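Structure record follows, encoded as structure tokens.
The values are calculated or read from the model by the stated rules, or taken from the named source; none is laboratory data. Quantities reported herein were computed from a predicted structural model and do not represent experimental measurements. Ideal geometry is used to build each Cβ from the backbone, glycine not excepted, and the neighbour counts take in all protein chains shown. Remember, those area values only see protein heavy atoms, side chains included, never the ligands or the DNA or RNA. Shrake-Rupley method; radii C 1.70, N 1.55, O 1.52, S 1.80 Å.
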Amino acid sequence: ELRRCHTLRGEMHHFITNLQYYVMFEVLEGSWEVFTREMDDAADLDALIAAHDRYLDTILQKGLLGPKSQLLTHTLSTLFEVI
């Protein structure tokens, strides 16, 4: 029984670690690089605001928080309650 608990704990830790990696490096870091390039290329305040809006939209979509990801978001929330 203790071995099964330890295995389950390891699997949960692995899942959370991979999800954290995905959010930090695939979502935030990649999107930040694109945003900083667009920020440097912005000619005026409107272009900067548009770049920021695209950055926020990208993070929401890639971070599984957009309207297309509602089912997955609900599933993850349920899973986090268990973990």
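Out of all the residues in the stretch 42-51, is one or more under 10 Å from the mean Cα position of the chain (by Cα) and of a type in the set (Gly, Ala, Ser)?
Checked the stretch 42-51: no residue is under 10 Å from the mean Cα position of the chain (by Cα) and of a type in the set (Gly, Ala, Ser).
Just to check your reading of the model, which residue among Glu11, Glu38 is acidic (Asp, Glu), at pLDDT 90 or above and in contact with a Lys or Arg (Cβ under 8 Å, 6 or more places away or on another chain)?
Unique residue meeting the criteria: Glu38.
Could you tell me whether any residue of the stretch 22-34 is out of contact with any Lys or Arg (no Cβ under 9 Å at 6 or more places or on another chain) and among the polar types (S, T, N, Q)?
no
Just the residues that are part of a helix (DSSP H, G or I) and open to solvent by less than 70 Å² (accessible area, probe 1.4 Å), please, taken from the stretch 32-61.
Val34, Phe35, Thr36, Glu38, Ala47, Leu48, Ala50, Ala51, Tyr55, Thr58, Ile59, listed by residue number.
Every residue in the stretch 1-12 that is under 24 Å from the mean Cα position of the chain (by Cα) and either outside any helix (DSSP H, G or I) or under 19 Å from Ser77 (Cβ atoms) (or both), please.
The answer is Glu11, Met12.
Determine which single condition Ile83 fails, assuming it passes every other condition in (1) within 16 Å of the chain's Cα centre (by Cα); (2) at pLDDT below 90.
(1)
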